[in-house]
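**Q** I have a structure I would like to understand better, so I am pasting it below and will then ask my questions one at a time.
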Amino acid sequence: MPGDNVFASVRTLDVPNLHEMRSSWQTLQDLVNRTHVPEGKWLQLVGETNWLDHCQRITEAASTVARVLVSGHSATCVVVHCSDGRDRTSQVCSLVQLLVDKRFRTRQGLCELVDKDWCRFGYKFADRSQPKHTQASPIFLQWLFCVGAVVAQFPNDFEYNSNDLMLLADLSLSKGIGTMMFNSERESREADAASCFVSMWSVWFGSDAPAPVRETANSNQSKSLGHALTSPATNARVTGDAPEEDQSYTENTDLRVPVASSKRFELWEWALRFGEKDLPGEPSWLDLHTQRVGLSPVLMLKNSSFSECMSCHLEFGPVRSRHHCKGCGRLFCHTCVQWRLPFLMISCASDQHTRRKVRVCQRCFLLGQAFVDSK
């Protein structure tokens with residue numbers, strides 16, 4: 001009504017919807033999977049996918065919300081909403097909490113954050129992970145890209161690093177991991193996921209020891225690209241990309257404001273792992289023979305992760321079925337996974353194990369043969 005006091009302001013954060021994100025991700029996938037990309041055009045082609053631009057916008061939106069939450073001299077409430085209410089909302093809100101609360105920079109805190117703002121919030125993991133679904137989109141994976149960018153700017157403030165986040169990305173796409181297989185907590189309970197599937201967090205917490213969080217005498221002395229806020233007694237102001245109206249803050253030594261500039265965003269190495277020149281030097285199954293513990297699981301990609309063979313790039317269909325390589329866990333058509341090697345197969349349900357020959361891709365077969373010959 002005219003004359004009424006205005007208690008709220010509306011800000012448009014310009015984060016694209018899930019359909020644009022899907023298109024951008026598919027374009028990036030096609031680029032990475034190309035057999036040959038001219039070196040001089042790589043950066044230009046990556047930029048044309050708009051993937052890094054989208055990640056930058058999400059991070060900038062989270063930084064804006066974080067600034068509003070801690071600015072001024074009174075409590076401020078922020079309502080974040082997108083058309084669906086799940087995708088961009090979950091991305092921005094969970095990233096804001098990572099910037100504001102240092103607890104979520106611990107391994108346990110990250111687990112709680114994902115469980116609270118994604119799994120229990122009702123994020124549609126099942127729909128978003130189906131390539132042919134009209135609502136498919138790599139929203140959670142994109143959030144991990146943004147978290148990785150923040151961790152890169154404040155490496156001393158996190159218990160986890162880029163490798164930990166890459167494992168989390170692998171697990172979110174892996175077959176048999178029940179944590180992110182359903183559209184809601186109700187669906188998960190009805191499927192008895194806790195008993196029938198492996199928990200993502202049991203694997204993640206068992207990976208490596210957490211990186212120590214380094215304590216410094218003054219939090220703003222941390223060597224990082226972003227900004228760590230100090231007490232108002234120092235009349236501190238954030239420089240860099242922060243808008244003028246948001247540059248003064250109340251005391252909050254926990255807040256971390258990343259530099260949300262496209263100049264600081266690089267393509268996360270996880271996205272390049274299936275490029276021809278960026279495959280690991282050894283297949284994961286070879287670790288079965290080299291690790292002290294004697295066994296190492298091979299994470300299988302979900303059938304819905306890729307709609308085409310990861311070798312010949314022909315689309316899967318009724319005639320061209322998809323098969324897992326038991327050596328690296330990637331998806332191939334029957335023609336590209338026709339080789340066989342003896343493997344030790346272990347059942348998680350019964351603790352029984354058998355040795356039998358299973359399908360592997362050509363690369364794993366050649367490396368397996370080389371290993372046998374070396375013995």
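The values are calculated or read from the model by the stated rules, or taken from the named source; none is laboratory data. In this text the structure is predicted, and so the values were computed from the model without any measurement. FYI the Cβ positions are ideal-geometry reconstructions off the backbone, even for glycines, and counts take in every protein chain you see.
**Q** Which one of these does residue 163 not meet: (1) within 21 Å of residue 58 (Cα to Cα); (2) in a helix (DSSP H, G or I); (3) of a type in the set (S, T, N, Q)?
**A** (1)
**Q** Then there's this: If I filter the range 53-108 down to residues being in contact with a strand residue (DSSP E or B) (Cβ under 8 Å, 6 or more places away or on another chain) and of a type in the set (Gly, Ala, Ser), which single residue comes out as surrounded by the fewest Cβ atoms within 10 Å (Cβ to Cβ)?
**A** Once the filter is applied, the top-ranked residue is 66.
**Q** Right, something else. Report yes if some residue within the range 51-60 is β-branched (Val, Ile, Thr) and touching an Asp or Glu at 6+ places or on another chain (Cβ under 8 Å); otherwise report no. Lay out the reasoning, then the answer.
**A** Within the range 51-60, the subset β-branched (Val, Ile, Thr) is 58-59.
From what's left, touching an Asp or Glu at 6+ places or on another chain (Cβ under 8 Å): none.
Checking the range 51-60: not a single residue is β-branched (Val, Ile, Thr) and touching an Asp or Glu at 6+ places or on another chain (Cβ under 8 Å).
**Q** Where the second residue is acidic (Asp, Glu) and modelled with pLDDT of 85 or more and the first is on the phi > 0 side of the Ramachandran plot and lies in the range 117-135, which pairs have Cβ atoms under 9 Å and are six or more apart or on separate chains?
**A** Hits for this filter: 122/185.
**Q** In the range 115-144, which residues are basic (Lys, Arg) and outside any helix (DSSP H, G or I)? Can you show your working first?
**A** Let us first name the residues in the range 115-144 that are basic (Lys, Arg), namely 116, 120, 124, 128, 132.
Those that are basic (Lys, Arg) and outside any helix (DSSP H, G or I): 120, 124, 132.
**Q** Can you list residue pairs whose Cβ atoms sit under 7 Å apart, with the first residue in the range 191-205 being touching a residue at least 40 places away in the same chain (Cβ under 8 Å) and the second being small (Gly, Ala, Ser) and outside any helix (DSSP H, G or I)? Count only pairs 6 or more apart in sequence or on different chains.
**A** Matching pairs, first to second residue: 198/176; 198/178.
**Q** Could we say that residue 362 is in contact with a Phe, Trp or Tyr (Cβ under 8 Å, 6 or more places away or on another chain), at pLDDT 80 or above, more than 25 Å from residue 199 (Cβ to Cβ) and surrounded by fewer than 20 Cβ atoms within 10 Å (Cβ to Cβ) here?
**A** It is true that residue 362 is in contact with a Phe, Trp or Tyr (Cβ under 8 Å, 6 or more places away or on another chain), at pLDDT 80 or above, more than 25 Å from residue 199 (Cβ to Cβ) and surrounded by fewer than 20 Cβ atoms within 10 Å (Cβ to Cβ).
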